[in-house]
Amino acid sequence: MKKNKRSLLAVPYVVWMALFVVAPIIMVVVYAFSTASGGFTLDNFTRMGTYTVIFTRSFKLALIATAVCLLIGYPLSYIMAREGPRFQRVGMMLIMLPMWVNFLLRTYSWMSILEKNGLINQFFSAIGLFDLINAVFGTNIEYFHMIGTQGAVVLGMVYNYLPFMILPIYSVIVKLDNSLLEAARDLGANSTAVFRKVIFPLSLPGILSGVTMVFVPSVSTFAISRLLGGGTQMLLGDLIEQQFLGGAYNPHLGSAIALVMMLIVIVCMWVMNHFGEGEEQAVML
Amino acid sequence: MKKLVALTLAGSLALGLFLTGCSVEQVSSEPNETVSSSESGADTGDRVLNVCNWGEYIDESLITQFEEETGIKVNYQTAESNEALYSLLKSGGANYDVICPSDYMISQLIEEDMLQPLDYSKIPNFEKIDTRFKNLSYDPENLYTVPYTWGTLGIIYNTTMVDEPITSWSAMFDEQYAGDVLLINNSRDALGMALYYLGYSVNTTDEAQIREAFQLLSDAVSKGVYQGKVMDEVFQKMEQGNAAIATYYAGDYLTMLENNPDLAYVVPEEGSNWFVDAMCILKDAQNVDEAHEWINFLASTEANLANMDYIWYASPNAEALEQYPAYYEETYGEPLDMELYEIMAAPQEVLDRCEAYLVLPEATRTLYNDLWIELGL
């Protein structure tokens, strides 16, 4: 009886998942394997070979962005978690603050920062950096080419998704039992060994969920690549968007691409979770 | 084991929901209809109209004025492009009455039987539309449409960033301006400019010609000519001097000019696209009478003058076209710069070298899309 009542509480969640997660995925699968007239087809998948470049580029840029986020995010989370509550509050505030501004707006402002006549180039030109470089190296540059490059796209991803790396790592490290660290030190581990043998393995669940939360949106973004990549660094998100809102309306192909992308992401996550095997609180499910 | 049972349960539940979801979707158009017709029924007095137009494409005070005059509540929505509008209509996510697509999209919609013939007796203002804009190729007998705006596509350039005035599409492929050129993010317009440059028709279905045009673009891409592919980002980039050359629409050039007086506009000598955006009523529209009233209202001379002044796109209304310079002088107390007026409303000799887009056959549309994605690889 009691058990029944408790499972009743899960009903909203199950309904929600069924309606907004499972049903859409089933629709994507149905679309991916059908033609406009409703027949079964595999054409949508065989056509995909053409897009290998876009697949590779998307996963490459997302991987780089994730790695950069980890490199910046881990030390930051570590330092923050080891500091006093005052520092933590301010730090947390500063990390969350940008997220109160709309994502597109933030990306749009990066666009005007990185432009040819953007803030960075104007600043460098005002302090005479370009003149200096030209004088020293005999070059003839008037600005740094930043917008429309892969670097700009990665920057956009790192900027937008860094909080998703910091927060889970921070919340794991902040909860680490101090007595474990003391015990390690008592047993003769130096600080490198404490970090390597105790802190790092214990923070792995945080890292795994941070990596997931950065990698997945990075691999499927389309706004960042369109605004900062200038439309020349087409990613999977752009490709899919084109099938739904672009010149050739082909939701079947779009669904097929989305499906393949989803499968690759799942495989990536699976491999990664095995990589962190032994950690009971692994991220996925 | 318990987990497995739960999973199966969830799965079957999901499937059930999905199936019912589907059937609900299929019948939903009917209940909707009854709701709307009771809404628009004379006894309740609540008349509504669902309009979809482009963003920034109307003097918004006209909407309020129409609502006040007729008591019809206007649900005004916007779409980003013809293609986005088309997919909204196709996916059934929208229930518009009046839409305002461009010429080639109109012929596609007519071909697919998605529009309904208009009752021109309810649109007396159609008389005032300049005959140049009637019976055009997209609607040869003029059964479905009332023109809303028209204009040209051309090259916008920053006079301080180029060496000499631009007159030809060649500037769009010229290495000299590498990194300073913006490609329009729309396969039809982008391949179109290459087709003009090569001297082919922009409506060609010859695959060899289209591939040649693509090669031209693709070579320019590999030489680094283009800074990026843009649509509305073009405003920021051109106004702030972040790019020197772009392909865009005349009306938008005039908007940019207000923020950057160094910009110039040219319809290249090889010719270009001239377009008409026209209002039409969808086949499954629920508020047909209201839709006719709206179209008639927007076709009036007063509405066209207000719109021209606000969005800087030329009106197809003959009276409005003629009266606009005087209207401008009266409103702003200074004469209208006729050079600008001729950019907005291109004179006949410019239109003579321009070509309107026709709808392309399905195979050519697929080719366009494939090539366009190949360009982004």
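Averaged over the residues of A:10-16, the number of partner chain Cβ atoms lying within 10 Å of the residue Cβ comes to 2. Look at the alpha carbon pairs under 8 Å that are at least 6 residues apart: their mean separation over the length of chain A gives a relative contact order of 26 percent.
Among B:HIS292, A:HIS145, what is the fewest-to-most ranking by other Cβ atoms within 10 Å?
So the residues, fewest neighbours to most, are A:HIS145, B:HIS292.
Classify the range B:279-377 as rounded, prolate or oblate from the Cα gyration tensor: take a ≥ b ≥ c as the square roots of its eigenvalues, call it rounded if a/c is under 1.5, otherwise prolate when a/b beats b/c and oblate if not. Oblate shape, in that a/c is at least 1.5 and b/c is the bigger or equal ratio.
Rounded to the nearest 500, the helix-only mean residue ellipticity at 222 nm of chain B stands at -14000 deg cm²/dmol, with each DSSP H run of n ≥ 4 adding -39,500 (n - 2.57).
For A:VAL90, B:VAL202, A:VAL174, the sequence from fewest to most other C-beta atoms within 10 Å is A:VAL90, A:VAL174, B:VAL202. Enclosing the Cα atoms of the range B:150-269 in their convex hull gives a volume equal to 92 cubic angstrom per residue. For the pair B:ASN203 and A:THR35, a Förster radius of 30 Å applied to the C-beta separation gives a FRET efficiency near 0.65, rounded to the nearest 0.05. Dividing the convex hull volume of the alpha carbon atoms of the protein assembly as shown by its residue count gives 232 Å³ per residue. Annotation: aspartates and glutamates with alpha-carbon distance below 19 angstrom to B:LYS134 (same-chain offsets under eight excluded): B:ASP103, B:GLU111, B:ASP119, B:ASP277, B:GLU319, B:GLU322, B:GLU349, B:ASP352, B:GLU355.
Can you tell me, using C-alpha contacts under 8 Å and at least 6 residues apart, the relative contact order of the range A:95-168 as a whole percent?
In percent, rounded to a whole number, it is 33.
Shape summary: chain A maps onto an equivalent ellipsoid whose semi-axes, from the alpha-carbon gyration tensor, are 35, 35, 18 Å in decreasing order.
The charge dipole of the protein assembly as shown, taken about the Cα centre with unit charges on the Cβ atoms of Lys, Arg (+1) and Asp, Glu (-1), comes to about 5340 debye, rounded to the nearest 20. Taking the Cα centre of chain B as origin and assigning +1 to Lys and Arg Cβ atoms and -1 to Asp and Glu Cβ atoms, the resulting dipole is close to 1660 debye. Potential lengthening of the chain between A:ILE79 and A:LYS197 amounts to 40.7 nm, from the contour at 0.36 nm per residue minus the alpha-carbon distance. Here the relative contact order of the range B:238-315, from alpha carbon pairs under 8 Å that lie six or more residues apart, stands at 30 percent. For the residue pairs B:LYS90/B:LYS128; A:LYS5/A:LYS175; B:LYS128/B:LYS237; B:LYS73/B:LYS128; A:LYS116/B:LYS90, the C-alpha atoms sit more than 30 angstrom apart in B:LYS90/B:LYS128; A:LYS5/A:LYS175; B:LYS128/B:LYS237; A:LYS116/B:LYS90. For the range A:22-123, the residue among A:THR46, A:ILE95, A:ALA81 whose Cα projects farthest onto the positive side of the dipole built from Cβ charges is A:ALA81.
Cα extents for chain B along the principal axes, largest to smallest and rounded to whole angstrom: 70, 65, 38.
Averaged over peptide A:226-234, how many Cβ atoms belonging to another chain are found within 10 Å of each residue's Cβ?
Mean shielding by partner chains, rounded to a whole number: 6.
Values quoted throughout were computed directly from the atomic coordinates according to the rules given, and no laboratory measurement underlies them. Since we're looking at a predicted model, the values are computed, not measured. In this analysis, Cβ positions are derived from the backbone assuming ideal geometry, glycine residues included, and neighbour counts consider all displayed protein chains.
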